[in-house]
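Since the structure comes first, as structure tokens, the remarks are kept for the end.
All of the numbers you see were taken from the coordinates with simple rules; none came from a lab. Everything quoted here is computed from the prediction, not taken from an experiment. Note that we place each Cβ from the backbone using ideal geometry, even for glycine, and neighbour counts take in every protein chain shown.
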Amino acid sequence: MTTPDNKDPGGNPGPNLMWGGRFAQGPAEAMRRINASIDFDRRLHAQDIAASRAHCKMLVARGIVAAHDGAAILDGLDTIAGEIEAGEFPFRVEYEDIHMNVEARLRELIGEAAGRLHTARSRNDQVVTDVRLWVRDAMDGLDGQLRDLQSALIEQAEAHAETVMPGFTHLQAAQPVTLGHHLLAYVEMLGRDRGRLADARARLNECPLGSAALAGTSFPIDRAATAKALGFDRPSANSMDSVSDRDFAMEFLSAGSIVAIHLSRLAEELVLWCAAGFGYVRLSDAFSTGSSIMPQKRNPDAAELVRGKAGRVIGALNTMLVMMKGLPMAFCKDMQEDKEPLFDAAETLSICLGASTGMIRDMTPDAEAMRAATAAGYLTATDLADWLVRVLGLAFRDAHHITGAIVRRAEALGRDLAELPLAEMQAIEARITQDVFEVLSVDASVRSRTSLGGTAPARVREAAAAARERFL
Ligand code: ARG
């Protein structure tokens, strides 16, 4: 309901400042609530002002806007940036989004010239330019944080190149490995994560500004100039694609989801490693919490939250994919829903990376506990089979069979392979000699795994050095 002067009884302004010419009435309150994005897209303020500055300078350079108007606009934008910085900018929901809030404030500050800034652009190319700039910054921030986590992992890997522990498959003890080798596995994952973000960044880095609403503009703009001013590699090629493309956001969230999954795997291992049955690692006080009722507890809450927050990031990807599915060309307002998942996912990833790096950097591995754990589970059974192949010339399948029988015997006697009397082994394969014991210790086992990418301490040291070169 509106009064004759087009103000509703709640005192809200009448027809919109930007498109009031076409409208006799202002929006309903419910319309305002569903339509306004300022509560979240205010986070684009720096990108929005940077893009407006580039656009304004280009308009002046091309003689589309007079120099004195351009100067007033740039001054006004500076003032606005200062107001936002100081927390004094009046964000107003009636101006819907960051773009119209800035323009409305500009009009208050400099008057009529403010209206010239929107020449040859639309909010459609404006918003996607802002979002691309924002995602680009987020990618760069994540890259640095991924690098920090790699650095912490490499440091621990170097310190624990010889620290033996059980390696698992199916979470069943499999073969001895070194902790350094295990940690460097994550360095590789994170390296590919950085590669995916870099690939996505290269595709993202085209400037949509100047695509206007969808069809381009009749003004003689210079899209190469605005692209360059904003650090883009080039202007985008197709104006319709430019205003409606959000696959850069999908790629960011896809790559981010894989990061989140990798972090959740590392987090899960930390949870296991500091559990009572394992005791491989002690997390620092700074990354543990106590219990309000059980005085003895040290809980790995940060690791559990990293594990849990993967759901938010994957949820953000899902939101983006479903939001875009089936949208006809070109811009549709649905796309305004791209921002909250992007912001939330980027912040979540940043929080998770910070916590993961802290946990890894501060953790204290318990080398004794890990070595003790290697005594169970017949971890060197493969070494025994390999010995039968190498020394006795057996086929691996036969060696596997014989070793299985020896393990069964050891199990019956309640002993590890290295403690099994030679006679017991000879009862199963008569040609086995005392020499076999040289391969049955966990240290000998890891030392022998010298194949490229293997767990031998010498290899782990090389791999850590190479990782420094490749990633840091
Ligand atoms: N706030 C909008 C968004 O976030 C800006 C673009 C709106 N364009 C339009 N024609 N309604 O996407």
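Based on Cα contacts under 8 Å between residues 6+ apart, region 304-365 shows a relative contact order of 46 percent.
Residues whose amide H falls under 5 Å from that of Phe89, counting only those 5 or more places apart or on a different chain, are Ile84, with hydrogens built in the peptide plane. For region 320-432, the Cβ-based charge dipole about the Cα centre amounts to some 440 debye (Lys, Arg positive; Asp, Glu negative; other atoms uncharged).
For helix 339-362, what angle does its Cα long axis make with the longest principal axis of the chain, in degrees from 0 to 90 and rounded to 10? It is inclined by approximately 40 degrees.
The amide H of Arg282, built 1.01 Å from its N in the peptide plane, has Thr364, Asp366 as neighbours under 5 Å, considering only residues 5 or more places off or on other chains. Peptides 319-330, 116-127 ranked from most to least packed by the mean count of surrounding Cβ atoms within 10 Å: 116-127, 319-330.
Three principal axis extents describe the C-alpha atoms of the chain; from largest down they are 104, 53, 39 Å.
If the chain linking Asn238 and Ala46 were pulled fully straight, counting 0.36 nm for each residue of separation and taking away their Cα-Cα distance, it would gain 66.6 nm. Could you calculate the FRET efficiency of Arg397 with Thr364 from 1/(1 + (r/R0)^6), where r is the beta carbon distance between them and R0 is 51 Å, rounded to 0.05? That gives a FRET efficiency of 0.75. Charges were assigned to the Cβ only: +1 to each Lys and Arg, -1 to each Asp and Glu. The resulting dipole of region 276-362 about its Cα centre is roughly 280 debye.
For Val177, the residues whose modelled amide H falls within less than 5 Å of its own, excluding neighbours fewer than 5 places apart on the same chain, are Met165, Gly167.
Would you mind getting me the FRET efficiency between Arg431 and Glu411? Use the beta-carbon distance for r and R0 = 25 Å, nearest 0.05. Once rounded, the FRET efficiency stands at 0.65. Ordered by the number of other Cβ atoms lying within 10 Å of each residue's own Cβ, fewest first, Ser448, Ser236, Ser52 fall into the sequence Ser448, Ser236, Ser52.
Centre-to-centre, using Cα atoms only, region 411-464 and region 287-331 are separated by 42 Å. Inter-part distance, region 219-255 to region 55-114, computed on C-alpha centroids, equals 22 Å.
As a rough guide to protection, the peptides 287-298, 382-393 ranked by mean Cβ packing within 10 Å, highest first, stand as 382-393, 287-298.
The Cβ shell under 14 Å around Glu96 holds other residues with a net charge of +1, Lys and Arg each +1, Asp and Glu each -1. Multiplying the residue separation of Lys333 and Ala28 by 0.36 nm and subtracting their alpha-carbon distance yields 108.0 nm. Using the Cβ-Cβ distance between Ser291 and Lys325 with R0 = 35 Å, the FRET efficiency computed as 1/(1 + (r/R0)^6) comes to roughly 0.20. Normalising the average separation of contacting C-alpha pairs (under 8 angstrom, six or more residues apart) by the number of residues puts the relative contact order of the chain at 16 percent. Relative contact order of region 300-424: 21 percent, from C-alpha pairs under 8 Å at least 6 residues apart in sequence. Going from the residue with the fewest nearby Cβ atoms within 10 Å to the one with the most, Arg397, Arg92 rank Arg397, Arg92. Taking the Cα centre of the chain as origin and assigning +1 to Lys and Arg Cβ atoms and -1 to Asp and Glu Cβ atoms, the resulting dipole is close to 700 debye.
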